[in-house]
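The values are calculated or read from the model by the stated rules, or taken from the named source; none is laboratory data. Here the structure is a predicted model, which means the values were calculated and not measured. FYI the Cβ positions are ideal-geometry reconstructions off the backbone, even for glycines, and counts take in every protein chain you see. To get the accessible areas, we keep the full protein, side chains included, count just its heavy atoms, and leave off ligands, DNA and RNA. Shrake-Rupley method; radii C 1.70, N 1.55, O 1.52, S 1.80 Å.
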Amino acid sequence: STSSVLSTEKDESTASKDSTAEVTSKSQEGTPETPKQKLLDLIGNMKVEVSYRKKLQQLKTREIKKQATNKLEGPDSEGSVLQKTAEDTQRGKPLNPELVEAASAVASSLPVNKKQTESELLAQLRRHEETTDRQKRGGTINIRNVISEMAVKRQSPAQRGVRRSNRISLELDEDGQTIKPDRFVMKCCEILNIIFIFVYRSLKVGRRLNIFTKASTETENALKTVSSPTIWDLEFAKEVAAITAQPPRNGFEEMIQWTKEGILWEFPIDNEAGMEDDAEFHEHIFLEKHLEDFPKHGPIRHFMELVICGLSKNPYLSVKQKIEHIEWFQKYFEEKKEFLQEI
Amino acid sequence: MAAWALGWALRAARQVLPSPCTRQARSYYVDWRMLRDVKRRKLAYEYADERLRINAIRKNTILPKELQEVADKEIADLPRDSCPVRIRNRCVLTSRPRGVKRRWRLSRIVFRHFADHGQMSGIQRAMW
(Lines give C-alpha, C1' and ligand atoms only; values in the text may rest on other atoms or scores of the structure.)
Protein backbone atom coordinates (compact mmCIF):
# COMPACT_ATOMS: atom_id res chain seq x y z
CA SER A 1 0.00 0.00 0.00
CA THR A 2 3.01 2.28 0.53
CA SER A 3 3.98 2.02 -3.11
CA SER A 4 0.47 2.89 -4.20
CA VAL A 5 0.46 5.86 -1.83
CA LEU A 6 3.74 7.11 -3.30
CA SER A 7 2.48 6.76 -6.83
CA THR A 8 -0.67 8.69 -6.00
CA GLU A 9 1.49 11.35 -4.36
CA LYS A 10 3.55 11.78 -7.49
CA ASP A 11 0.51 11.89 -9.73
CA GLU A 12 -1.18 14.46 -7.58
CA SER A 13 1.93 16.61 -7.36
CA THR A 14 2.40 16.60 -11.13
CA ALA A 15 -1.28 17.23 -11.67
CA SER A 16 -1.23 20.06 -9.18
CA LYS A 17 1.82 21.60 -10.86
CA ASP A 18 0.14 21.46 -14.23
CA SER A 19 -2.99 22.95 -12.81
CA THR A 20 -1.06 25.81 -11.20
CA ALA A 21 0.49 26.61 -14.55
CA GLU A 22 -2.92 26.49 -16.13
CA VAL A 23 -4.38 28.65 -13.40
CA THR A 24 -1.74 31.33 -13.78
CA SER A 25 -2.09 31.39 -17.55
CA LYS A 26 -5.84 31.51 -17.38
CA SER A 27 -5.85 34.27 -14.81
CA GLN A 28 -3.67 36.35 -17.09
CA GLU A 29 -5.50 35.55 -20.29
CA GLY A 30 -8.85 36.31 -18.74
CA THR A 31 -7.87 39.89 -17.84
CA PRO A 32 -7.70 42.18 -20.83
CA GLU A 33 -6.87 45.03 -18.46
CA THR A 34 -3.79 47.18 -18.36
CA PRO A 35 -0.76 45.75 -16.58
CA LYS A 36 -1.20 48.30 -13.84
CA GLN A 37 -4.58 46.89 -12.92
CA LYS A 38 -3.21 43.40 -12.85
CA LEU A 39 -0.47 44.48 -10.49
CA LEU A 40 -3.02 46.12 -8.26
CA ASP A 41 -4.96 42.91 -8.20
CA LEU A 42 -1.92 40.96 -7.24
CA ILE A 43 -1.04 43.41 -4.49
CA GLY A 44 -4.61 43.22 -3.28
CA ASN A 45 -4.28 39.46 -3.24
CA MET A 46 -1.09 39.75 -1.30
CA LYS A 47 -2.76 41.91 1.32
CA VAL A 48 -5.52 39.41 1.64
CA GLU A 49 -3.02 36.65 2.17
CA VAL A 50 -1.17 38.51 4.88
CA SER A 51 -4.32 39.25 6.80
CA TYR A 52 -5.71 35.80 6.36
CA ARG A 53 -2.54 33.98 7.32
CA LYS A 54 -3.73 33.02 10.76
CA LYS A 55 -7.07 31.89 9.44
CA LEU A 56 -5.35 29.74 6.87
CA GLN A 57 -3.24 28.17 9.57
CA GLN A 58 -6.30 27.25 11.55
CA LEU A 59 -7.95 25.89 8.47
CA LYS A 60 -4.91 23.78 7.70
CA THR A 61 -4.98 22.22 11.13
CA ARG A 62 -8.63 21.42 10.56
CA GLU A 63 -7.91 20.02 7.15
CA ILE A 64 -5.46 17.51 8.57
CA LYS A 65 -8.38 15.91 10.30
CA LYS A 66 -10.65 16.22 7.28
CA GLN A 67 -8.06 15.00 4.82
CA ALA A 68 -9.07 11.40 4.74
CA THR A 69 -12.74 12.22 4.28
CA ASN A 70 -12.29 15.04 1.79
CA LYS A 71 -9.98 13.20 -0.54
CA LEU A 72 -12.72 11.15 -2.09
CA GLU A 73 -15.42 13.80 -2.16
CA GLY A 74 -16.33 15.50 -5.39
CA PRO A 75 -16.31 19.14 -6.18
CA ASP A 76 -19.56 20.45 -4.76
CA SER A 77 -18.59 23.26 -2.42
CA GLU A 78 -17.83 25.97 -4.95
CA GLY A 79 -20.68 27.39 -6.87
CA SER A 80 -19.34 30.85 -7.60
CA VAL A 81 -16.27 29.82 -9.56
CA LEU A 82 -17.13 28.72 -13.07
CA GLN A 83 -13.82 28.16 -14.78
CA LYS A 84 -12.05 26.27 -12.10
CA THR A 85 -14.51 23.50 -11.46
CA ALA A 86 -12.94 21.28 -14.08
CA GLU A 87 -9.54 21.63 -12.49
CA ASP A 88 -10.96 20.88 -9.11
CA THR A 89 -12.40 17.66 -10.33
CA GLN A 90 -9.00 16.73 -11.62
CA ARG A 91 -7.43 17.33 -8.28
CA GLY A 92 -10.27 15.81 -6.33
CA LYS A 93 -9.84 18.07 -3.33
CA PRO A 94 -12.37 20.87 -2.90
CA LEU A 95 -11.79 24.11 -1.05
CA ASN A 96 -13.21 24.66 2.33
CA PRO A 97 -16.55 26.46 1.99
CA GLU A 98 -15.54 28.89 4.73
CA LEU A 99 -12.51 29.89 2.74
CA VAL A 100 -14.63 30.39 -0.33
CA GLU A 101 -17.00 32.61 1.57
CA ALA A 102 -14.13 34.61 2.98
CA ALA A 103 -12.68 35.05 -0.49
CA SER A 104 -15.97 36.28 -1.88
CA ALA A 105 -16.31 38.74 1.01
CA VAL A 106 -12.86 40.15 0.40
CA ALA A 107 -13.47 40.42 -3.31
CA SER A 108 -16.65 42.33 -2.72
CA SER A 109 -14.83 44.69 -0.36
CA LEU A 110 -12.16 45.53 -2.93
CA PRO A 111 -13.09 48.16 -5.51
CA VAL A 112 -11.65 46.37 -8.54
CA ASN A 113 -13.26 43.73 -10.77
CA LYS A 114 -14.83 41.47 -8.20
CA LYS A 115 -15.21 38.18 -9.94
CA GLN A 116 -11.68 38.34 -11.20
CA THR A 117 -10.27 39.07 -7.75
CA GLU A 118 -12.36 36.34 -6.29
CA SER A 119 -11.14 33.78 -8.72
CA GLU A 120 -7.58 34.86 -8.25
CA LEU A 121 -7.89 34.71 -4.49
CA LEU A 122 -9.24 31.23 -4.65
CA ALA A 123 -6.45 30.22 -6.94
CA GLN A 124 -3.96 31.51 -4.44
CA LEU A 125 -5.61 29.65 -1.63
CA ARG A 126 -5.60 26.49 -3.65
CA ARG A 127 -1.91 26.86 -4.29
CA HIS A 128 -1.29 27.22 -0.58
CA GLU A 129 -3.19 24.06 0.08
CA GLU A 130 -1.32 22.19 -2.57
CA THR A 131 1.97 23.10 -1.02
CA THR A 132 0.76 22.04 2.39
CA ASP A 133 -0.54 18.76 1.03
CA ARG A 134 2.68 18.08 -0.79
CA GLN A 135 4.65 18.80 2.33
CA LYS A 136 2.39 16.69 4.47
CA ARG A 137 2.62 13.66 2.30
CA GLY A 138 6.28 14.20 1.62
CA GLY A 139 7.47 13.84 5.16
CA THR A 140 6.55 13.64 8.77
CA ILE A 141 5.78 17.16 9.84
CA ASN A 142 4.41 18.44 13.01
CA ILE A 143 2.54 21.40 11.63
CA ARG A 144 1.98 23.05 14.92
CA ASN A 145 5.70 23.29 15.51
CA VAL A 146 6.25 24.70 12.06
CA ILE A 147 3.55 27.29 12.53
CA SER A 148 4.87 28.32 15.88
CA GLU A 149 8.31 28.58 14.39
CA MET A 150 6.97 30.73 11.56
CA ALA A 151 5.17 32.96 14.03
CA VAL A 152 8.35 33.42 16.01
CA LYS A 153 10.23 34.36 12.86
CA ARG A 154 7.71 37.02 11.93
CA GLN A 155 7.86 38.75 15.26
CA SER A 156 11.54 39.24 15.86
CA PRO A 157 13.77 37.87 13.18
CA ALA A 158 16.82 39.80 14.23
CA GLN A 159 16.98 39.32 17.94
CA ARG A 160 16.02 35.77 18.58
CA GLY A 161 18.40 34.19 16.16
CA VAL A 162 20.18 32.08 18.70
CA ARG A 163 17.13 31.17 20.69
CA ARG A 164 15.29 30.21 17.53
CA SER A 165 17.96 27.79 16.52
CA ASN A 166 17.94 26.32 20.00
CA ARG A 167 14.21 25.93 19.85
CA ILE A 168 14.36 24.27 16.49
CA SER A 169 17.03 21.86 17.68
CA LEU A 170 14.99 21.11 20.77
CA GLU A 171 11.96 20.45 18.65
CA LEU A 172 13.94 18.11 16.48
CA ASP A 173 15.21 16.25 19.48
CA GLU A 174 11.82 16.01 21.09
CA ASP A 175 9.90 14.80 18.12
CA GLY A 176 12.57 12.72 16.49
CA GLN A 177 10.93 13.69 13.23
CA THR A 178 12.30 15.54 10.27
CA ILE A 179 11.04 19.08 10.17
CA LYS A 180 11.32 21.11 7.02
CA PRO A 181 12.19 24.58 8.29
CA ASP A 182 12.37 26.08 4.85
CA ARG A 183 8.65 25.93 4.25
CA PHE A 184 8.23 29.60 4.98
CA VAL A 185 11.04 30.50 2.63
CA MET A 186 9.59 28.22 -0.01
CA LYS A 187 6.26 29.94 0.19
CA CYS A 188 7.83 33.36 -0.14
CA CYS A 189 9.79 32.18 -3.12
CA GLU A 190 6.67 30.81 -4.71
CA ILE A 191 4.79 34.04 -4.23
CA LEU A 192 7.68 36.05 -5.58
CA ASN A 193 7.95 33.71 -8.53
CA ILE A 194 4.29 34.18 -9.33
CA ILE A 195 4.68 37.95 -9.21
CA PHE A 196 7.74 37.94 -11.43
CA ILE A 197 6.15 35.69 -14.03
CA PHE A 198 3.08 37.90 -14.00
CA VAL A 199 4.99 41.12 -14.48
CA TYR A 200 7.26 39.64 -17.11
CA ARG A 201 4.39 38.37 -19.17
CA SER A 202 2.46 41.60 -18.81
CA LEU A 203 5.47 43.54 -20.05
CA LYS A 204 5.62 41.37 -23.12
CA VAL A 205 1.92 41.50 -23.85
CA GLY A 206 1.38 45.29 -23.69
CA ARG A 207 0.98 47.24 -26.92
CA ARG A 208 3.79 49.35 -28.31
CA LEU A 209 3.89 53.07 -27.46
CA ASN A 210 5.72 54.07 -30.64
CA ILE A 211 7.97 56.54 -28.89
CA PHE A 212 11.18 55.24 -30.37
CA THR A 213 11.56 54.44 -34.01
CA LYS A 214 13.71 51.53 -34.91
CA ALA A 215 17.04 52.73 -36.28
CA SER A 216 17.53 51.93 -39.91
CA THR A 217 20.12 49.27 -40.30
CA GLU A 218 22.96 50.94 -42.10
CA THR A 219 24.85 48.63 -44.25
CA GLU A 220 28.45 48.91 -43.25
CA ASN A 221 30.40 49.47 -46.39
CA ALA A 222 34.12 49.23 -46.57
CA LEU A 223 35.74 51.79 -44.30
CA LYS A 224 37.64 53.36 -47.14
CA THR A 225 37.55 52.56 -50.81
CA VAL A 226 41.13 53.79 -50.94
CA SER A 227 43.57 51.19 -49.67
CA SER A 228 45.21 53.52 -47.14
CA PRO A 229 43.94 56.79 -45.70
CA THR A 230 45.22 59.76 -47.64
CA ILE A 231 47.66 62.29 -46.26
CA TRP A 232 44.92 64.88 -46.13
CA ASP A 233 42.84 62.61 -43.96
CA LEU A 234 45.74 62.09 -41.61
CA GLU A 235 46.35 65.79 -41.39
CA PHE A 236 42.72 66.44 -40.70
CA ALA A 237 42.71 63.82 -37.98
CA LYS A 238 45.80 65.37 -36.42
CA GLU A 239 44.22 68.82 -36.50
CA VAL A 240 41.06 67.57 -34.86
CA ALA A 241 43.03 65.78 -32.17
CA ALA A 242 45.14 68.87 -31.49
CA ILE A 243 42.08 71.08 -31.16
CA THR A 244 40.05 68.72 -29.02
CA ALA A 245 42.94 67.91 -26.70
CA GLN A 246 42.62 70.93 -24.44
CA PRO A 247 45.26 71.39 -21.76
CA PRO A 248 44.09 69.90 -18.45
CA ARG A 249 42.12 72.27 -16.26
CA ASN A 250 43.19 70.71 -13.00
CA GLY A 251 45.45 68.08 -11.49
CA PHE A 252 42.89 65.33 -11.89
CA GLU A 253 42.62 65.82 -15.62
CA GLU A 254 46.36 65.93 -15.86
CA MET A 255 46.59 62.62 -14.06
CA ILE A 256 43.94 61.17 -16.36
CA GLN A 257 45.93 62.28 -19.37
CA TRP A 258 49.09 60.76 -17.98
CA THR A 259 47.34 57.49 -17.27
CA LYS A 260 46.07 57.36 -20.84
CA GLU A 261 49.54 58.02 -22.17
CA GLY A 262 50.99 55.36 -19.91
CA ILE A 263 53.17 57.64 -17.81
CA LEU A 264 51.12 57.00 -14.69
CA TRP A 265 50.23 53.52 -13.56
CA GLU A 266 46.69 52.45 -12.91
CA PHE A 267 45.61 52.15 -9.30
CA PRO A 268 45.21 49.75 -7.51
CA ILE A 269 48.54 48.70 -8.86
CA ASP A 270 48.35 45.60 -10.96
CA ASN A 271 51.60 43.70 -10.66
CA GLU A 272 51.06 42.04 -13.99
CA ALA A 273 50.31 45.14 -16.01
CA GLY A 274 51.65 44.82 -19.51
CA MET A 275 52.51 41.18 -18.92
CA GLU A 276 50.25 38.88 -20.86
CA ASP A 277 51.62 35.48 -20.15
CA ASP A 278 48.89 33.08 -21.12
CA ALA A 279 51.09 30.02 -20.83
CA GLU A 280 50.70 27.61 -17.94
CA PHE A 281 53.51 26.82 -15.55
CA HIS A 282 54.19 23.43 -17.12
CA GLU A 283 55.03 25.09 -20.42
CA HIS A 284 57.69 27.12 -18.69
CA ILE A 285 59.27 24.30 -16.77
CA PHE A 286 59.01 21.18 -18.88
CA LEU A 287 61.01 22.24 -21.92
CA GLU A 288 62.42 18.82 -22.75
CA LYS A 289 59.97 18.31 -25.57
CA HIS A 290 61.84 21.01 -27.51
CA LEU A 291 65.01 18.95 -27.27
CA GLU A 292 63.83 16.23 -29.59
CA ASP A 293 65.95 17.29 -32.56
CA PHE A 294 69.16 17.20 -30.62
CA PRO A 295 71.39 14.15 -30.38
CA LYS A 296 70.66 11.98 -27.37
CA HIS A 297 74.18 11.60 -26.09
CA GLY A 298 77.28 13.70 -26.11
CA PRO A 299 78.36 17.07 -24.90
CA ILE A 300 75.77 18.96 -26.90
CA ARG A 301 72.95 17.17 -25.16
CA HIS A 302 74.57 17.87 -21.82
CA PHE A 303 74.94 21.51 -22.71
CA MET A 304 71.33 21.83 -23.87
CA GLU A 305 70.03 20.19 -20.73
CA LEU A 306 71.85 22.81 -18.70
CA VAL A 307 70.37 25.51 -20.91
CA ILE A 308 66.90 24.12 -20.32
CA CYS A 309 67.48 23.92 -16.60
CA GLY A 310 68.45 27.59 -16.56
CA LEU A 311 65.50 28.64 -18.70
CA SER A 312 63.01 26.77 -16.58
CA LYS A 313 64.17 28.73 -13.56
CA ASN A 314 63.88 32.08 -15.31
CA PRO A 315 60.65 33.87 -14.43
CA TYR A 316 61.33 36.93 -16.53
CA LEU A 317 61.19 35.37 -19.96
CA SER A 318 58.04 34.40 -21.79
CA VAL A 319 57.60 30.92 -23.22
CA LYS A 320 58.10 32.30 -26.71
CA GLN A 321 61.45 33.79 -25.85
CA LYS A 322 62.60 30.53 -24.28
CA ILE A 323 61.61 28.58 -27.34
CA GLU A 324 63.44 31.10 -29.50
CA HIS A 325 66.60 30.57 -27.48
CA ILE A 326 66.42 26.81 -27.92
CA GLU A 327 65.72 27.12 -31.62
CA TRP A 328 68.65 29.44 -32.13
CA PHE A 329 70.94 26.89 -30.51
CA GLN A 330 69.50 24.19 -32.68
CA LYS A 331 70.18 26.19 -35.81
CA TYR A 332 73.68 27.03 -34.63
CA PHE A 333 74.60 23.43 -34.00
CA GLU A 334 73.11 22.38 -37.31
CA GLU A 335 75.43 24.78 -39.09
CA LYS A 336 78.40 23.56 -37.12
CA LYS A 337 77.62 19.90 -37.71
CA GLU A 338 80.31 19.25 -40.25
CA PHE A 339 82.82 21.08 -38.18
CA LEU A 340 81.85 19.02 -35.17
CA GLN A 341 82.19 15.77 -37.07
CA GLU A 342 85.75 16.63 -37.93
CA ILE A 343 86.52 16.75 -34.25
CA MET B 1 80.66 66.86 -48.68
CA ALA B 2 78.77 69.83 -47.35
CA ALA B 3 75.51 68.19 -48.31
CA TRP B 4 76.48 65.01 -46.51
CA ALA B 5 77.38 66.98 -43.39
CA LEU B 6 74.14 68.85 -43.57
CA GLY B 7 72.21 65.64 -43.94
CA TRP B 8 74.01 64.17 -41.03
CA ALA B 9 73.30 67.23 -38.94
CA LEU B 10 69.64 67.01 -39.79
CA ARG B 11 69.52 63.38 -38.85
CA ALA B 12 71.32 64.17 -35.64
CA ALA B 13 68.77 66.76 -34.74
CA ARG B 14 65.75 64.72 -33.81
CA GLN B 15 62.68 66.81 -33.85
CA VAL B 16 60.14 66.33 -31.13
CA LEU B 17 56.58 66.34 -32.45
CA PRO B 18 54.72 69.51 -31.53
CA SER B 19 52.57 68.78 -28.53
CA PRO B 20 50.55 71.13 -26.35
CA CYS B 21 52.88 70.95 -23.37
CA THR B 22 54.25 73.93 -21.51
CA ARG B 23 57.37 72.21 -20.23
CA GLN B 24 60.84 72.84 -21.53
CA ALA B 25 60.96 70.91 -24.77
CA ARG B 26 64.33 69.63 -25.93
CA SER B 27 64.48 68.96 -29.61
CA TYR B 28 68.17 68.03 -29.92
CA TYR B 29 70.63 65.82 -28.16
CA VAL B 30 72.98 67.83 -26.02
CA ASP B 31 76.12 66.88 -27.93
CA TRP B 32 77.54 64.35 -30.31
CA ARG B 33 78.89 62.19 -27.56
CA MET B 34 75.40 61.79 -26.26
CA LEU B 35 74.24 60.81 -29.72
CA ARG B 36 76.90 58.15 -29.97
CA ASP B 37 75.91 56.83 -26.60
CA VAL B 38 72.31 56.59 -27.80
CA LYS B 39 73.43 54.63 -30.87
CA ARG B 40 75.42 52.26 -28.73
CA ARG B 41 72.46 51.63 -26.50
CA LYS B 42 70.24 50.84 -29.46
CA LEU B 43 72.70 48.39 -30.96
CA ALA B 44 73.35 46.73 -27.64
CA TYR B 45 69.62 46.16 -27.27
CA GLU B 46 69.41 44.61 -30.74
CA TYR B 47 72.32 42.22 -30.30
CA ALA B 48 71.75 41.40 -26.65
CA ASP B 49 70.22 37.96 -27.25
CA GLU B 50 72.85 36.85 -29.72
CA ARG B 51 75.68 37.96 -27.49
CA LEU B 52 74.12 36.10 -24.59
CA ARG B 53 73.87 32.86 -26.55
CA ILE B 54 77.35 33.01 -28.03
CA ASN B 55 78.79 33.78 -24.65
CA ALA B 56 76.94 30.79 -23.22
CA ILE B 57 78.80 28.62 -25.71
CA ARG B 58 82.10 30.30 -24.99
CA LYS B 59 82.03 30.21 -21.21
CA ASN B 60 81.67 26.45 -21.04
CA THR B 61 83.59 23.45 -19.89
CA ILE B 62 81.43 20.84 -21.60
CA LEU B 63 81.61 21.76 -25.26
CA PRO B 64 84.80 21.13 -27.22
CA LYS B 65 87.35 23.89 -27.28
CA GLU B 66 87.34 24.18 -31.04
CA LEU B 67 83.71 25.09 -30.97
CA GLN B 68 84.42 27.71 -28.38
CA GLU B 69 87.16 29.23 -30.48
CA VAL B 70 84.78 29.48 -33.38
CA ALA B 71 82.30 31.20 -31.10
CA ASP B 72 85.02 33.63 -30.04
CA LYS B 73 85.57 34.62 -33.61
CA GLU B 74 81.87 35.05 -34.18
CA ILE B 75 81.38 37.38 -31.29
CA ALA B 76 84.35 39.45 -32.37
CA ASP B 77 82.70 39.86 -35.75
CA LEU B 78 79.69 41.55 -34.28
CA PRO B 79 79.68 45.37 -34.50
CA ARG B 80 81.79 46.98 -31.89
CA ASP B 81 79.04 49.23 -30.62
CA SER B 82 76.82 46.26 -29.80
CA CYS B 83 78.64 45.38 -26.62
CA PRO B 84 77.05 46.81 -23.50
CA VAL B 85 80.39 47.66 -21.95
CA ARG B 86 80.76 50.68 -24.20
CA ILE B 87 77.64 52.32 -22.82
CA ARG B 88 78.34 55.21 -20.47
CA ASN B 89 75.65 56.45 -18.12
CA ARG B 90 75.78 60.12 -18.98
CA CYS B 91 73.74 62.88 -17.47
CA VAL B 92 70.51 63.21 -19.35
CA LEU B 93 70.46 67.00 -19.37
CA THR B 94 74.11 68.00 -19.64
CA SER B 95 75.75 64.82 -21.00
CA ARG B 96 78.30 64.90 -18.21
CA PRO B 97 80.02 61.49 -18.05
CA ARG B 98 81.09 61.70 -14.43
CA GLY B 99 79.24 62.42 -11.20
CA VAL B 100 75.96 60.99 -12.45
CA LYS B 101 73.51 59.52 -9.94
CA ARG B 102 71.95 56.45 -11.43
CA ARG B 103 68.51 56.82 -9.91
CA TRP B 104 67.90 60.21 -11.43
CA ARG B 105 70.22 59.97 -14.43
CA LEU B 106 71.39 63.49 -13.61
CA SER B 107 74.79 64.89 -12.92
CA ARG B 108 75.47 66.20 -9.45
CA ILE B 109 75.32 69.84 -10.49
CA VAL B 110 71.95 69.60 -12.20
CA PHE B 111 70.60 67.50 -9.35
CA ARG B 112 71.64 70.11 -6.84
CA HIS B 113 70.11 72.86 -8.92
CA PHE B 114 66.75 71.20 -9.13
CA ALA B 115 66.73 69.99 -5.54
CA ASP B 116 67.35 73.50 -4.25
CA HIS B 117 64.44 74.81 -6.27
CA GLY B 118 62.21 72.08 -4.85
CA GLN B 119 61.73 70.37 -8.18
CA MET B 120 62.99 66.95 -7.10
CA SER B 121 60.20 64.97 -5.55
CA GLY B 122 61.04 63.67 -2.11
CA ILE B 123 64.43 65.38 -1.89
CA GLN B 124 65.24 67.58 1.03
CA ARG B 125 68.39 69.19 2.35
CA ALA B 126 69.93 66.85 4.87
CA MET B 127 70.27 68.18 8.36
CA TRP B 128 71.09 66.12 11.43
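Is one or more of the residues making up the stretch B:62-74 without any contact (Cβ under 8 Å) to a residue 24 or more places away in the chain, open to solvent by 40 Å² or more (accessible area, probe 1.4 Å), away from chain A (no Cβ under 12 Å) and in contact with a helix residue (DSSP H, G or I) (Cβ under 8 Å, 6 or more places away or on another chain)? Yes, some residue in the stretch B:62-74 is without any contact (Cβ under 8 Å) to a residue 24 or more places away in the chain, open to solvent by 40 Å² or more (accessible area, probe 1.4 Å), away from chain A (no Cβ under 12 Å) and in contact with a helix residue (DSSP H, G or I) (Cβ under 8 Å, 6 or more places away or on another chain). Considering the conditions (1) loosely packed, with under 14 Cβ neighbours inside 10 Å; (2) more than 9 Å from every other protein chain (Cβ to nearest Cβ); (3) not in a loop (DSSP other than H, G, I, E, B), A:Gln321 is excluded by exactly one of them, (2). Filter the stretch A:309-343 down to residues that are hydroxyl-bearing (Ser, Thr, Tyr) and more than 15 Å from B:Ala71 (Cα to Cα) and give me whichever is modelled with the highest pLDDT. By that ranking, first place goes to A:Ser312.
Hey, among the residues in the stretch B:75-96 that are of a type outside the set (Val, Ile, Thr) and without any contact (Cβ under 8 Å) to a residue 12 or more places away in the chain, which one's surrounded by the fewest Cβ atoms within 10 Å (Cβ to Cβ)?
B:Asp77
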